[in-house]
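A short reminder: the numbers here are calculations on the coordinates, not readings from a lab. All of these numbers come straight from a predicted model, not from anything done at the bench. No Cβ is skipped: glycine too gets one built from the backbone with ideal geometry, and neighbour counts run over all protein chains shown.
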């Protein structure tokens, strides 16, 4: 397969997930404004952003296959962002303690002469009741300041959960590989 594969993200998390497929690719950040619009749901936000990211990079590389992804989380109607500071992460985990959080992850795929493909996975995470000491220990250990919901599922974040409901476990990490693999096979990529 000689077709160029581009990940529309510079996220180290998303790069690591895509590396699992063993396909050569390079990453190119699309620089899309990720601010939610007024009354936009978490699901609608991820669909809009994954679409914009894929189309932005595809315009620069019209003969390549472009993969985009976006993830947002919702708890009781509130979109959860990335905390960016330890204090905000502590506050967020206190608010999530004992609650269910829905994570929406949309993967986008652009290929030459093919319409944009989009697929959204919802993952419901039940956070167990957390003490302040557990929250602080966790944040100090994992430093999840750049992660929606203030945890890293691929690390110690899993210790905060009561349960996870998902059809694609990679969706919670930020890139739903099950659907993506099918799209890549449809384009002639050999997986595995």
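Things worth noting here:
- Ranked list, fewest to most other Cβ atoms within 10 Å of each Cβ, for 72, 102: 102, 72
- P(r) weight above 20 Å for the range 63-187, C-alpha pairs, percent: 45
- Summary value for the chain: 22 percent relative contact order, contacts being C-alpha pairs under 8 angstrom separated by 6+ residues.
- Global geometry of the range 90-156, whether rounded, prolate or oblate, following the gyration tensor of its Cα atoms and the 1.5 cut on a/c: prolate
- Gaussian network model of the chain, springs between alpha carbon atoms under 10 Å - residue of 156, 175, 80 with greatest fluctuation: 156
- Taking 140, 186 and counting other C-beta atoms within 10 Å, the order from fewest to most: 140, 186
- Relative contact order computed over the range 76-166 (Cα-Cα under 8 Å; 6+ residues apart), in percent: 36
- Contour minus Cα-Cα distance for residue 130 and residue 3 (0.36 nm per residue): 41.0 nm
- Span per principal axis, largest first, for the Cα atoms of the range 30-129 (Å): 49, 24, 23
- The range 133-192 versus the range 24-84: alpha-carbon centroid distance in Å: 16
- Per residue of the chain, the DSSP helices (runs of n ≥ 4 H) give a summed -39500 (n - 2.57) that works out to -10000 deg cm²/dmol at 222 nm.
- The ranking of 178, 47 from fewest to most other beta carbons within 10 Å of each one's beta carbon is 178, 47.
- The angle between the Cα long axis of helix 42-60 and the main principal axis of the chain comes to about 30°, on a 0 to 90 degree scale.
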